Amino acid sequence: MVEATKTAKKNKFEQFKAEKDGLAVKEELEKFARLGWEVIDETDLQHRLKWVGVFYRPVTPGKFMLRMRIPNGILNSQQMRVLGQIVQRYGEDGNADITTRQNIQLRGIRLEDVPDIFQCFKEVDLTSVQSGMDNVRNITGSPMAGIDADELIDTRELVQKVQDMITSCGQGNYEFTNLPRKFNIAIEGGRDNSVHAEINDIAFVPAYKDGKLGFNVLVGGFFSAKRCEAAVPLNAWVAPNDDVVKLCRAILIVYRDRGLRANRQKARLMWLIDEWGIDKFRSMVEAQFGKPLTTAAEEDLIDWEKRDHIGVFKQKQPGLNYVGIHVPIGRLYAQDMFDLARIAEVYGSGEIRLTVEQNVIIPNISDENLDAFGSEPLLEKFTLEPKTLERSLVSCTGAQFCNFALVETKNRALALARELDAELEIPNKVRIHWTGCPNSCGQPQVADIGLMGTKVRKDGKTVEGVDLYMGGKVGKEAELGNCVQKGIACDDLKLVLRDILIEQFGAKVR
Ligand code: HEM
Ligand code: SF4
């Protein structure tokens with residue numbers, strides 16, 4: 001068999017996974033905590049710990065990043081408070097980022113504290129299991145699931161069930177800890193493609209089939225340094241019930257057992273779909289699914305522009321509102337997390353939601369509570385009315401913490417957006433996405449203006465710069481943008497962006 005021959009030639013990652021499954025470190029955390037990070041096995045330190053969400057950061061040795069799982073981006077105030085208490089332990093080193101997968105990454109974590117931190121997680125039903133490396137990442141769902149009057153399908157329970165299947169309810173599940181590569185799943189329940197369905201390995205998008213509401217299924221979407229592809233139709237429709245979980249399971253098993261593993265640059269699901277063709281892929285999935293797949297509905301129901309949810313909105317429940325607050329570049333500190341927990345409890349139901357735009361939604365605020373909520377001091381920092389560019393700004397981690405980064409991103413992105421917002425009157429939203437290197441974690445390809453970190457030569461010196469992407473579309477007509485200009489030195493970027501904003505986005509000098 002072709003695949004078998006390919007698997008026989010194992011790359012370094014396949015070798016260490018075969019020697020010892022990444023999840024096995026779960027049983028060794030006490031030992032690691034005792035020994036200290038300096039002396040534990042290199043592969044455990046740099047790779048296997050990611051199976052429990054613990055990322056060694058070469059930029060800040062000894063201060064780890066901890067990536068959570070927040071299914072559908074929904075957590076409660078108690079959970080947020082626990083996360084805040086964890087980063088608070090680390091003083092200036094401790095903070096948390098909201099990610100573009102509706103997730104949270106904690107920073108400053110010490111390995112000696114991990115057993116205790118995991119105990120705290122257990123008490124409030126949080127988990128970070130299988131959140132890095134060759135695992136299924138945080139599963140995204142509609143940020144307004146269950147509260148949006150125009151919603152088609154409530155995604156919350158489905159997302160939770162898929163996560164529970166993959167992680168054995170957060171305990172860790174060896175069935176899915178050795179995929180050929182990382183894997184993304186998204187379930188959209190609304191009309192505006194709030195989850196960026198097209199960039200996921202499996203995406204469910206609402207569609208009517210024979211008068212019944214369910215999902216059309218897309219597969220194979222991914223970004224990488226070498227190749228970016230939007231997901232393609234599987235030609236399958238599923239009802240919004242356990243079939244969603246079963247289909248995810250079937251696809252994951254086919255990918256796990258037959259996915260290409262020889263070359264990590266060619267191991268994402270789409271490469272298998274390419275090799276087999278979509279029809280063979282579909283029939284292999286169908287065989288694993290155990291019953292015939294229903295063919296796709298002709299049309300899906302994604303027909304709205306994408307919303308960013310910032311501001312105050314009526315819920316479908318009379319008298320209740322959800323408020324989307326803007327968190328600049330997704331960065332939270334301990335006090336912010338405590339304040340979020342408190343305002344969610346005082347004015348809402350304690351629930352807190354995260355968006356793929358790296359912002360926060362507080363749902364279930366009654367009409368009577370809105371005024372008092374609006375005068376909370378936290379809303380001076382996290383405003384309901386951010387300026388145009390800052391409003392839609394997204395950024396990956398960048399050089400502050402990430403060893404892959406070629407440039408500093410978050411702080412620079414924010415400073416530049418603020419300067420341009422101050423100088424220009426910009427009539428409509430412009431979504432600027434920064435990403436520190438070609439790995440594209442910040443998704444420059446979905447942005448109106450995408451900026452990808454690179455090194456450029458300027459005046460005989462190597463300096464930080466960016467490649468410019470344009471034309472990414474989201475929502476109904478989602479499309480990936482392309483690189484239109486290479487190697488702009490960051491020092492020159494403000495003028496370049498200013499011109500683009502004036503010429504292409506109708507901006508006027510104030
Ligand atoms: C070989 C390719 C990739 C590598 C090696 C890689 C590596 C990393 C690392 C090390 C981090 C953590 C940095 C930190 O916060 O300390 C990270 C974060 C992240 N990555 Fe990737 N990544 C890759 C591709 C991608 C792609 C294609 C996506 C999806 C478009 C993605 C999505 C994310 C997200 C959502 C985060 C969290 C930070 C954020 O919101 O930007 N990654 N990645
Ligand atoms: S895009 Fe590059 S710099 Fe940014 S988080 Fe991903 S790997 Fe790090």
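Things worth noting here:
- Placing unit charges on each Cβ (+1 for Lys and Arg, -1 for Asp and Glu) gives the range 391-509 a dipole about its Cα centre, and among Cys402, Leu495, Leu480 the Cα reaching farthest toward its positive end belongs to Cys402.
- The order of Ser392, Ser375, going from fewest to most other C-beta atoms within 10 Å of their C-beta, is Ser375, Ser392.
- Prolate/oblate/rounded call for the range 284-410, Cα gyration tensor, a/c under 1.5 rounded: oblate
- Charge dipole (debye, nearest 20) of the chain; +1 at Cβ of Lys and Arg, -1 at Cβ of Asp and Glu: 1640 debye
- Cα-based Rg / Dmax (Å) for the chain: 22.2, 66
- The range 391-509, dipole about Cα centre (Lys/Arg Cβ +1, Asp/Glu Cβ -1), debye to the nearest 20: 220 debye
- Rounded, prolate or oblate (a/c below 1.5 giving rounded, otherwise prolate when a/b exceeds b/c) for the range 158-274 by Cα gyration tensor: oblate
- In plain terms, the residue of Trp271, Trp304, Trp434 with the fewest other Cβ atoms within 10 Å comes first and the most crowded comes last, giving Trp304, Trp271, Trp434.
- Cα principal axis extents for the range 32-85, largest first, Å: 37, 21, 21
- Straight-distance crosslink candidates among aspartates and glutamates, where the alpha carbon sits under 19 Å from Lys17 and sequence neighbours closer than 8 are dropped: Glu3, Glu27, Glu28, Asp41, Glu42, Asp44, Asp134, Glu175, Asp257
- Counting only whole DSSP H helices of the chain, the ones at least 18 Å long by C-alpha along their axis and with mean Kyte-Doolittle hydropathy no lower than -0.5 are 242-258, 334-347, 490-505.
- Cα-based reach from Lys10 at 27 Å (exclusive), listing lysines while leaving out same-chain residues under 8 positions away: Lys20, Lys26, Lys50, Lys182, Lys226, Lys266, Lys280
- Relative contact order (%) - criterion: Cα under 8 Å, at least six apart; region: the range 391-509: 22 percent
- With a cut-off of 10 Å between beta carbons, the residues surrounding Glu390 carry a summed charge of +2, where Lys and Arg count +1 and Asp and Glu -1.
- Positive-end ranking of Trp51, Leu370, Ile187 along the dipole of the chain, with charges on Cβ about the Cα centre, is headed by Trp51.
- For the range 391-509, alpha-carbon Rg relative to the globular expectation (2.2 N^0.38 Å, N residues): 1.00
- The order of Ile352, Ile202, going from fewest to most other C-beta atoms within 10 Å of their C-beta, is Ile352, Ile202.
- Summary of the geometry: the range 130-158 and the range 231-247, compared by the centres of their Cα atoms, lie 15 Å apart.
- Total lysine pairs under 18 Å (Cα atoms) in the range 391-509, excluding pairs fewer than 8 apart on one chain: 13
- Stokes-Einstein diffusion for the range 313-372 at 37 °C, viscosity 0.692 mPa s, with a Kirkwood radius from C-alpha pairs, works out to 278 µm²/s.
- In the chain, taking the dipole from charged Cβ atoms about the Cα centre, the farthest positive-side position among Val446, Gly73, His309 is held by Val446.
- Candidate aspartates and glutamates for bridging to Lys209, where Cα separation is under 13 Å - those fewer than 8 sequence places away on the same chain excluded: Glu298, Glu299, Asp300
Read-outs throughout are calculated quantities, based only on the coordinates presented, and are distinct from any laboratory measurement. Every value quoted in this text rests on a predicted model; they were computed, and no experiment measured them. FYI the Cβ positions are ideal-geometry reconstructions off the backbone, even for glycines, and counts take in every protein chain you see.
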